[in-house]
Structures are given as C-alpha cells and as structure tokens.
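Novice: Starting off with a structure, shown below.
The values are calculated or read from the model by the stated rules, or taken from the named source; none is laboratory data. What you see is a predicted model, and the numbers here were worked out from it, not measured in a lab. Cβ coordinates were reconstructed from backbone atoms using ideal geometry, including for glycine residues, and neighbour counts include every protein chain displayed. Please note that ligands, DNA and RNA were not included when accessible areas were found on the heavy atoms of the full protein model with its side chains. Shrake-Rupley method; radii C 1.70, N 1.55, O 1.52, S 1.80 Å.
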There are 2 protein chains.
Amino acid sequence: MTAAELVFRQLLGAITSGELAPDAMETEERLAARYKVSRTPLRDAVRRLEQLRLLVREPARGLRVPPLSMREMHDLSATREVLEGLLASCAADRVARGMARIDRLRDIHARHLRVLGINDPELALSVGFDFHEELRRLSGNESAAACHEQVLLGFDRYRHLARAVPERHDRIAAEHTEILAAIEAGRAQAAEIAMRRHIAAGRELYVEVLSRMISD
Amino acid sequence: MTAAELVFRQLLGAITSGELAPDAMETEERLAARYKVSRTPLRDAVRRLEQLRLLVREPARGLRVPPLSMREMHDLSATREVLEGLLASCAADRVARGMARIDRLRDIHARHLRVLGINDPELALSVGFDFHEELRRLSGNESAAACHEQVLLGFDRYRHLARAVPERHDRIAAEHTEILAAIEAGRAQAAEIAMRRHIAAGRELYVEVLSRMISD
DNA sequence: GGACACATGAATGCATGTATACACGAACGT
DNA sequence: ACGTTCGTGTATACATGCATTCATGTGTCC
C-alpha cells in the first residue's frame, strides 16, 4: 500500500463520516501534517478526491468539503440508476453466454437473506452493498464499472440516511431477489428494469429523509 | 494553464491520434523529457490517463497504451448510451421547468445543418460533437456529466472510425433534430429514447468498421 | 469618497535528490 | 540441466526547497 493510496482512503473515510466537516477550510499543508505524509502523496489523494467532487478547491484559499445537497443526491442517484441498470443488463448477458459465473452473487444474496433474521441493520446494509459491488464485477463492462465506482464513492456521503429507515431491509432484499432471478435467467432487459426500479425506490426514501435534514 | 494540464492534453492527443502507438513501452522519465516538463506534472497527467484506462502500468516495467478492442468500444458505447440518455432526459426536464436555456443547443444544431451543405465531413463530425457536449452542460447533472466526459475521452480513440462512413452525416443530423425537438418540447422520456437510439445506431456502424480493422 | 494599483503573505505548482521495490539475468547449488 | 537465490539496474514513490499565482488589505490618486 502506497502512502498516497492510504491517505486517500483515510480522507475518504473522514469525508464520508462527516469527521471532516463540510465547509471547513483546509490546506494541503495542514492535511499533510495531520496525516503524517509529505505534500506529494497528499496532493495525489486530494487530486482524486477533487475528481470525485468530494473536495473542491477555492483558488488560493484552500480546500473544503461541499455540503450535502438534495440536488447532488438526486443527480448521483439518477446516474447510479442508469449505470446499474446497464451493469445488471450486461451481467445477465454474460451469464446467459456462459462468460461469467454467478455463484458469488448468489452467495452474497443468500447471506443477505440470512442476515435479515438476526436483526443487525448495519450488517444488512453492508451485505446489500456487497451485492451491488459484485454485480459491478460480474458485468464485465470496465467502462461502466469505473463510472459506477466513482458515483458510489460520491453516494457514500448519503448512505447513512438509510439507517433512518430500518424497516426497508426486507424490501431491499426482495428487490435483490428479483434482480438475481432475472440475471440467472439471462433476461437482460428484465434485470435492467428491476434494478432501475430498485435504485429509484431507494431514492424516494433518501429524498424524504434528507428533506428533513437540510434546507437546500 | 498549468504544466500538468498542458501535458495531459498533449498526451491525450498523442494517444487519441495513435501518435503514441499502442503497446509501445514508455517510462515517466522519458515522457517527461519528451514533453519538456519535470516528473511531477507529468506524473499528474499520467495518473489521470490511467484513471481513463488510456494508459496502463506494468509494474516496474513502464507505461503503455492498450490496443483498440471491439470489446472496449462496445462497453464504452453502451455506457455512453445510458449516460447520454440520462443527460437528454435531464436536459428536457430542466428546459421544461425553465431552469436552463436551450438557445446554444439550437444554435449548434442549426450550424450542423448548415455545414451539411458544404461537404466538409471533418467539420460536420466536429459540430456533431459539440451538440453532445452542449447537451452535457444543459443536463445540469454534474455527476452524470463527469462520467460522460470520461467515457467520451476514452471513446475518442475510436472516433476516427466515423470517417469511414461519411454518408452517415445526414442521418446523424436527422437524429439530432429529433432529440432537439423532444428536449424543446420538454418530453424527457422521448428525448432519452431518441438519444439512446442515436448512440446505438452509431455503435452498429463502428462495430462494422472496427471489425474490418482488428482481429480481437 | 471611491476606485485602482501595488505590496504582502499564503497556497500550491514545479523541480529534483533520495529511498524503495521490483524485474530480470547470472551464477551457484542440486 | 533445472531451479533457486542473489546482484544489478530501472521505475517510481516520497520528501523538500524554490517559483509562481492569487486573495486581501492598504495607500494614493482622481
């Protein structure tokens, strides 16, 4: 692990968790000192975070984390919706052609269903996320996968909103079941539609929770 | 313009044009010498190109441009299709709500139609591209726009294929007319569908031309 | 009193020396 | 002769000093 990669992940965590507060002004130098690396690897990490718009630069002022916004969440979710629809469609195609094995996706989903029984919302959310990440690999579409990864990194800042609606866990799993079935059957279009519905349904909840938290 | 940004664009051009040949091995140091910058800004540019998968690194060996492939072109085009569908849909929405002005898109398209008359294929392609870039701005969806920009940068390597089918220019413009009309009317779904058809139709041609050029 | 120009300090872009890590080949041992 | 290990060279990750750029505040001129 390089120092640049390490500090990237640390910063990502700090931003996602809110530990690095929105609108607090930082400089590369202070961040380098805080994370005990020189400015070179830190700059590298900051550049990547700027690409993801998790940090924005005010020329000659410094860096800041932009505040959460309904608008950004909506845009990220809409982008995620079309990209994951494509991932699901590609995955169904590849499975149908015998170009990819679906075992891991099945395993993850089975674990998801088991976890529902033990009432551990945090774990359920985490396994639910694994489902989407495995689907990204399964799609075999590197271009879509790269975009999807970036969008999800941005979306992570809003993920904690899901904790506000624990009663949704059963529905999430049910929607995953439907997506998995379509992929197993090689029905690309059905998989795409089911996935888009799934993401859109999640967005509705997020909008509701978020609207109670911010003005925007 | 920073040195890093400048060398990024130069490298991008060299890769896109084929001047930097696929599979030729380079090192950061040689590239820095060639472009007359120090290793620091060059590294910065190389990092960005790696993110775009326009350069791949062989550990401790160097950097190389991956060869064109049917698979990559297909993946890029499929990703482009869903993203631009979303951009068109967002743009139609924003125009309908009076949140964005469509004038520039109209102007670009009018110029496109005029250019068809003077038989300059290169210029027609270029103005056709402007249409897609203006649409990106018009969408107001920063997340989708960022993904789209990345995908198009990757797709640039395949763009010269369009020169092989000059007779398509009229059809491109006709499809743009349809997309523009849907956006002007605020019909988001119609705009999305028209755009997806447009991208998919282009892909068919690219597949045909490319299949005659590479084994893959 | 307002606007513009310049001085100043901070932030970061850039250059370069050094440390580290890895591939490859050679040489030795089995 | 083949496999393993160690030497060597190369590629790049990192640290740090210097150059450049820009925001801000002050003073002067109109």
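Novice: For the range B:68-101, give me the residue count where each residue is over 30 Å from B:GLU208 (Cα atoms), within 19 Å of the chain's Cα centre (by Cα) and basic (Lys, Arg).
Specialist: Total meeting the criteria: 0.
Novice: When you look at A:ARG159, is it away from chain B (no Cβ under 14 Å), touching a Gly at 6+ places or on another chain (Cβ under 9 Å) and either open to solvent by 10 Å² or more (accessible area, probe 1.4 Å) or at pLDDT below 90 (or both), yes or no?
Specialist: Taking the combined requirement at face value, the residue does not satisfy it.
Novice: Within the group A:ALA100, A:ALA96, A:ALA146, A:ALA162, which residue is within 16 Å of A:ILE199 (Cα to Cα) and small (Gly, Ala, Ser)?
Specialist: A:ALA162
Novice: Further question on the same structure: Report yes if A:ARG111 is within 14 Å of chain B (Cβ to nearest Cβ) and not aliphatic (A, V, I, L, M), otherwise no.
Specialist: Judged against the criteria, A:ARG111 is not a match.
Novice: Hey, among B:SER126, B:SER139, B:SER143, which residue is small (Gly, Ala, Ser) and open to solvent by 30 Å² or more (accessible area, probe 1.4 Å)?
Specialist: Going through B:SER126, B:SER139, B:SER143 in turn, the sole match is B:SER126.
Novice: A:THR40 - would you say it is polar (S, T, N, Q), within 12 Å of another protein chain (Cβ to nearest Cβ) and either within 21 Å of A:CYS147 (Cα to Cα) or within 12 Å of DNA strand C (Cβ to nearest atom) (or both)?
Specialist: Yes, satisfied.
Novice: Would you mind stating whether A:SER89 is among the polar types (S, T, N, Q), assigned to a helix (DSSP H, G or I), in contact with a helix residue (DSSP H, G or I) (Cβ under 6 Å, 6 or more places away or on another chain) and under 21 Å from A:ALA190 (Cβ atoms)?
Specialist: yes
Novice: Now for a different question. If you go through the range A:99-113 one residue at a time, do you hit one that is under 30 Å from B:GLY85 (Cα atoms), free of Cβ contacts under 8 Å to residues at least 12 places away in the same chain, of a type outside the set (Asp, Glu) and away from DNA strand C (no atom under 16 Å from the Cβ)?
Specialist: Yes, the range A:99-113 contains at least one residue that is under 30 Å from B:GLY85 (Cα atoms), free of Cβ contacts under 8 Å to residues at least 12 places away in the same chain, of a type outside the set (Asp, Glu) and away from DNA strand C (no atom under 16 Å from the Cβ).
Novice: Among A:ARG114, A:ARG97, A:ARG9, which is the only one that is outside the structural domain of A:GLU192 (by TED's automatic domain parsing) and among the basic types (Lys, Arg)?
Specialist: That would be A:ARG9, the only listed residue that is outside the structural domain of A:GLU192 (by TED's automatic domain parsing) and among the basic types (Lys, Arg).
Novice: If you don't mind, there's one more thing I want to ask. Can you name the residue in the range A:19-67 that is at positive phi and free of Cβ contacts under 8 Å to residues at least 60 places away in the same chain and is also nearest to the chain's Cα centre (by Cα) among such residues?
Specialist: Looking at residues that are at positive phi and free of Cβ contacts under 8 Å to residues at least 60 places away in the same chain, I get A:ASP23.
Novice: Select, from B:LEU87, B:LEU105, the only residue that is more than 12 Å from chain A (Cβ to nearest Cβ) and either small (Gly, Ala, Ser) or open to solvent by less than 40 Å² (accessible area, probe 1.4 Å) (or both).
Specialist: B:LEU105
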